[in-house]
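The values are calculated or read from the model by the stated rules, or taken from the named source; none is laboratory data. Just so we're clear, the structure is a prediction, and the values are computed from it rather than from any experiment. A quick note on method: Cβ atoms are made from the backbone with ideal geometry, for glycine too, and the neighbour counts reach across all protein chains shown. Areas reflect the complete protein model, heavy atoms only, side chains present, ligands, DNA and RNA absent. Shrake-Rupley method; radii C 1.70, N 1.55, O 1.52, S 1.80 Å.
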Amino acid sequence: MTARQQPKNLWLGRWGFILAATGSAVGLGNIWKFPYMTGEYGGGAFVLVYLACILAVGIPVMMIEIGLGRRGRGSPIDAIRRVARESGRGSLWSLLGWMAMLCGFMILSFYVVVAGWSFSYLWKTVTGGLVGSEVGDMAAIFAANNADPLALGGWSTLVTVITLTIVGKGVQQGIEKSVSWMMPGMVIMLAIMIGYAMFSGGFGAGMDFLFSFEIGKLTSEGLLAAMGHAFFTLSLASGAILTYGSYLPDGASIARTTFTVAIADTLVALMAGLAIFPVIFANGMDPAAGPGLLFMSLPLAFQAMPFGSVFMAIFFVMLSMAALTSAISMIEATVAWLNESKGISRTKATWGAGIVLWLLSTLAMLSFNVGSDWTIAGKHAFDWLDYLTSRFMMPLGGLGMALLAGFVLRHEIFKSELGLSNTQHALWLFMVRYVSPLGIVLVFIDSLGLMDLDMGSQWYWWLGVLVAITLTGELLSPRIKRQLAA
């Protein structure tokens, strides 16, 4: 057993981590995707299933990452290697850390392009550049925005520079200080927009869309959507949460902190739905427009309403903040590794990683204009970055984390780090060894289209029988029985 690694950086308090982790979880996709899925798959029924999936998949894996980070006190690579050695395991497990760090960096390389849309639309709102009478006009503005490599590249570069400036200042003076006002600012702006939406004329329809309890809409597709979003929304397997966890003080409860982040992430997403969908319904628009909802339908809807330009500006300020809080978390793992493992000063590590990031993001940005013909297997650089990270690296990384914690590392490490009672630890271990991996595997199979996951297919029920037998055997094992009886 090795000596406990001493931390080089720490959050000033537990709330610093909570705000940073929630900011990492609340991104552009969460603003429109979760509220839409809620309405599409049964409203309140979907929310209940989603919360169950958060408990079964998201929270157990998040606790693993925070526990690994705090125990190993380093970047994903260093933290996993240290904890593996403490358990007498080889350094090859640090490959999980490499994949997580690379995954977060790759996500950020195309995310800054999408974040650039938010900043450019904020500028267009302030300067009167968003003028149109129908969705087609807004679609033309969006296409023109992407067709200009200098404009699109300029906005993504601005996002990159702001992100690097914040991260370069350090954990406390940079990241924690920025999220301490950006996250409360986002919530306040969402609350103001909800107040505005209440007088839009579509608030009742928006409430009905989000919260009507329609169990009939909750199909197997909805169940998988809830499970997938529960995993992806918490920024798992991208290096962000594990690195943030390495800065968590020893006295902070990982379990309470994790639950707080999960609840805050869900509440912000529901608030976004209450702010957006009443405006959409008041103008008779389609709530299923995806990203186009934010950059085409919503701007047009605001124009048709009193003081719409003011509240559209508030919305894009809020959206830009959501983009930044996610962006700073995704590069922190790389900066921490360069700083701690390679001995490079934080400033040099930040801007050195930033140059590589800028080059890769430029390639992603060119996919929308001069590089539109640069494809491999029908996909542009932007598409490949998204495809590889969301379909492969995140699910496989999350699965690896669960298997590492459940079957490889000494259980005393997590029992000590998480501060759980015998019964609580037994339940957590049960979820980590079987329930969370099963959920991740099902999402992985579904995302790749490898099998038909319809509830009526025969293989699905045979899989259920196999899982039930396995879980029953684990529950009846002497070790688990001893922990439950303690």
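Just reorder Trp15, Trp428 by solvent-accessible area, largest first, 1.4 Å probe, all chains present. Please list the in-between numbers first.
Working: Trp15 150, Trp428 15 Å².
Sorted by accessible area, descending: Trp15, Trp428.
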*In sequence order, what are the phi-derived ³J(HN,Hα) couplings for the stretch 235-241 according to the Karplus relation 6.51 cos²θ - 1.76 cosθ + 1.60 with θ = phi - 60°, rounded to whole Hz, with x for glycine and proline?*
6, 7, 6, 10, x, 5, 5
*Set the Förster radius R0 to 35 Å, insert the Cβ-Cβ distance between Leu396 and Asp148 as r into 1/(1 + (r/R0)^6), and round the FRET efficiency to 0.05.*
0.45
*Any idea what angle helix 135-147 forms with the longest principal axis of the chain, computed on alpha-carbon atoms, 0 to 90 degrees, nearest 10?*
70
*Per-residue ellipticity at 222 nm for the chain, helices alone: DSSP H runs ≥ 4 residues times -39500 (n - 2.57), over residue total, nearest 500 deg cm²/dmol?*
-22500 deg cm²/dmol
*asked:* Can you give me the distance in nm between label points at Val356 and Asp250, each placed 7 Å from the Cα along the Cα-to-Cβ direction?
replied: 3.3
_Using the basic label-point model (7 angstrom from Cα toward the beta carbon), what is the Leu51 to Trp15 distance in nanometres?_
2.5
_Just to check I understand the Karplus step: with θ = phi - 60° and J = 6.51 cos²θ - 1.76 cosθ + 1.60, what whole-Hz values come out for the stretch 195-207, glycine and proline as x?_
x, 5, 5, 5, 10, 7, x, x, 5, x, 5, x, 4
*With a cut-off of 20 Å, note down the residues of the stretch 85-125 whose backbone N falls inside the zone around a label point 7 Å from the Cα of Trp374 toward its beta carbon.*
105-117
*the stretch 370-412 and the stretch 23-98: distance between their alpha carbon centers, rounded to Å*: 14
*Of the accessible area of the chain, with the probe set at 1.4 angstrom, what percent is carbon plus sulfur?*
68
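Counting only heavy atoms of protein chains, what accessible area per residue, in Å², does the chain have with a probe of 1.4 Å?
On the way: 18860 Å² over 486 residues.
Value for the chain: 39 Å² per residue.
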_Segment Asp137-Phe213, length gained on full extension (0.36 nm per residue, minus Cα span)_ = 23.7 nm
*Could you go through the stretch 246-255 in sequence order and give the Karplus-derived ³J(HN,Hα) for each residue, using 6.51 cos²θ - 1.76 cosθ + 1.60 with θ = phi - 60°, rounded to whole Hz, and x for Gly and Pro?*
5, 9, 7, x, 4, x, 6, 6, 5, 4
*Pull up all non-local amide H partners of Phe213: gap of 5 or more, or a different chain, and H-to-H distance under 5 Å with H placed in the peptide plane.*
Gly44
